[in-house]
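Here is the structure we will look at.
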Amino acid sequence: MIVVMLENTWYKALEELGSSMPQSSTLWLDYVSYAGEDGDTLHLTCDSVMVRTNFEKYCKSELERVMEELTGRRINLDINITTDEMIEGGDDDEAQEVETYHDNRASGRRSLLNPAYTFDNFIPCENTLFAYNAAKAIAMHPGVSYNPCLIYGGVGLGKTHLLESIGNYIEKEDPRKNVVYVTAETFTNDYIQSLTDKNTSQFRIKYRKADVLLVDDIHFFEKKISTQEELFHTFNDLYETNKQIVFTCDRPISELKGFTDRLKSRFSRGLNINLTAPDYETRVAILKRKCDDKGVRIYDSVLNYIAENIKTNVRDLEGSLTTLIAYSNLIGSKITLEVAQEQLKNIIAAPMAGEQDISIGSIVKEVSSYYNVEVSEIKGKKRTAIIKDARNTAIYLTRKITQYSTTEIGTYFDRDHSTITHSIDKVEKERKTNAELASALDALETSIRSKSR
Ligand code: ADP
Ligand code: MG
């Protein structure tokens, strides 16, 4: 009688499962090895309770079914833990946690992507076409070109929308790909939790098993050096195996403070795309699209009014619509231009009144935290490069955002009128040739305006 070793069948079964089961389940098979056999029992080994629990929960019965198909007889799978590390540390809590993560992934919605963000409902324009096309190319061929990729720009300009569109597209086209979408904040919290639980291996499984890693808002990592260290290794691991990595940030990498140089150099590798505000026509088109999506009709005059007045933040465009629709539903009245003007007066202030509402103090405060210098230094006499830049930026933005005269601004900054004019001219000139500066100024302006509401 020919005795066919189960070992070969085991590898065949793995191959079969690899193509039929979601990657979120087969993930655990990578941590399980063949350890021997005994009649109809196949001995397997792994190195943690976590892996064993999840193997038994997600893979075992399916594997036994396939093994039975391949051999024509019932095969028992017996899995043992062979290192002592996890036997001691592997309490139920730990296994439970991984299960929760795994349950999320196995329950249809594999990652935490918002299904509403797709390429179809992103309306590109000249300013955003490059970012849009690059994101699409990445989604169609992850890990091939444009890797890594960074999309940066001000608040509410569609960074998250594009990032999640990449994830949604890949999950739909190739459900076997393990897409991990995470905000920098969640990544940090996950990492801290794994340290608290003395269980960084779970953390690493989650992030380093990604085929596509999407990290939103990396400016959040500022000054978090040990999380940056972990991200650096995650990055290297994924990059070396041609896994796709996409980040978003509210400013160009060169403007990030409190980052290790080596991580900055990793970020700036690959494609860096600046996402800027859409033009007027596109703002109207976005509003129309959002109306269609919500199944409402709003007069063109109202949409034009919103688009004319909200220029630097698409989220605020949407917010205005939501306000008007809610009002009209509650009051049962049509949304006329007058209704819109009245209802949106807190969002869209008349230029004079609204602009004066923003104090110079709030501008300086925002600029000081952006440049990581003290407010007193901006107003003071020091002339180091960074303080001078921050001071010029604050003066420029004050002139741009408020109605204060250069003399009034001079009084605040304790400088004469001509110094103020010189600072404004300098920034004005520089922003024309320096795209990074232009984008930083836009981001600051958006943020100052949104905080003043
Ligand atoms: P960010 O991450 O840059 O702060 P979001 O991606 O959250 O901005 O975008 C804010 C809102 O604006 C989202 O609801 C998004 O769908 C919408 N949005 C931004 N840009 C566009 C666009 N070009 N077309 C359609 N919707 C957009
Ligand atoms: Mg975002």
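The values are calculated or read from the model by the stated rules, or taken from the named source; none is laboratory data. What you are looking at is a predicted structure, and each value in this text was computed from that prediction instead of being measured. Virtual Cβ from ideal backbone geometry, glycine too; neighbours counted across all protein chains shown. The protein model used for the area step is the full one, side chains on, heavy atoms only, and it has no ligands, DNA or RNA in it. Shrake-Rupley method; radii C 1.70, N 1.55, O 1.52, S 1.80 Å.
Inspect all residues belonging to region 357-371 and state whether any of them is within 18 Å of Lys426 (Cα to Cα) and open to solvent by 60 Å² or more (accessible area, probe 1.4 Å).
The answer is no, given that none of the residues of region 357-371 is within 18 Å of Lys426 (Cα to Cα) and open to solvent by 60 Å² or more (accessible area, probe 1.4 Å).
I want to confirm something. Restricting to region 394-410 and keeping residues that are open to solvent by less than 30 Å² (accessible area, probe 1.4 Å) and β-branched (Val, Ile, Thr), which single residue is nearest to the chain's Cα centre (by Cα)?
Ile401
Within the group Thr282, Thr248, which residue is within 16 Å of ligand 2 (Cβ to nearest atom) and touching a residue at least 40 places away in the same chain (Cβ under 8 Å)?
Among Thr282, Thr248, only Thr248 is within 16 Å of ligand 2 (Cβ to nearest atom) and touching a residue at least 40 places away in the same chain (Cβ under 8 Å).
Out of all the residues in region 142-153, is one or more away from ligand 1 (no atom under 16 Å from the Cβ), open to solvent by 30 Å² or more (accessible area, probe 1.4 Å) and modelled with pLDDT of 95 or more?
yes
Here is a check on your reading of the model: is Lys206 within 16 Å of ligand 1 (Cβ to nearest atom), of a type in the set (D, E, K, R) and surrounded by 19 or more Cβ atoms within 10 Å (Cβ to Cβ)?
no
Out of (1) of a type in the set (A, V, I, L, M); (2) modelled with pLDDT under 85; (3) open to solvent by less than 10 Å² (accessible area, probe 1.4 Å), the odd one out for Met352 is which?
If we test Met352 against (1) of a type in the set (A, V, I, L, M); (2) modelled with pLDDT under 85; (3) open to solvent by less than 10 Å² (accessible area, probe 1.4 Å), just (3) comes out false.
Would you please list the contacts, defined by Cβ atoms under 9 Å and residues six or more apart or on different chains, that run from a residue in region 256-279 that is outside the structural domain of Thr312 (by TED's automatic domain parsing) to a residue that is at pLDDT below 90 and assigned to a strand (DSSP E or B)?
From residues that are outside the structural domain of Thr312 (by TED's automatic domain parsing), there are no pairs.
Within region 200-221, how many residues turn out to be away from ligand 2 (no atom under 16 Å from the Cβ) and either within 14 Å of Phe187 (Cβ to Cβ) or not charged (D, E, K, R) (or both)?
12
Give region 165-193 a look and list any residue that's assigned to a helix (DSSP H, G or I), open to solvent by less than 10 Å² (accessible area, probe 1.4 Å) and not hydrophobic (A, V, I, L, M, F, W, C), or say none.
Correct list: Ser165, Gly167, Thr188.
I'd like the residue in region 38-58 that is open to solvent by less than 60 Å² (accessible area, probe 1.4 Å) and under 21 Å from Met5 (Cα atoms) and, out of all such residues, is modelled with the lowest pLDDT.
Applying the filter and picking the extreme gives Cys46.
Among the residues of region 212-237, write down those that are more than 16 Å from ligand 1 (Cβ to nearest atom), open to solvent by less than 20 Å² (accessible area, probe 1.4 Å) and either at pLDDT below 90 or not hydrophobic (A, V, I, L, M, F, W, C) (or both).
Thr227, Gln228, Glu230, Thr234
Of all residues in region 21-37, count the ones that are surrounded by fewer than 17 Cβ atoms within 10 Å (Cβ to Cβ) and in contact (Cβ under 8 Å) with a residue 12 or more places away in the chain.
Number satisfying all stated conditions: 5.
Take Ser194 and tell me if it is hydroxyl-bearing (Ser, Thr, Tyr), without any contact (Cβ under 8 Å) to a residue 24 or more places away in the chain and more than 16 Å from ligand 2 (Cβ to nearest atom).
In short, yes.
Just to be sure before I move on: is Ala139 within 16 Å of the chain's Cα centre (by Cα), within 16 Å of ligand 2 (Cβ to nearest atom) and in the same structural domain as Asp216 (by TED's automatic domain parsing) in the structure I sent?
Criteria not met by Ala139.
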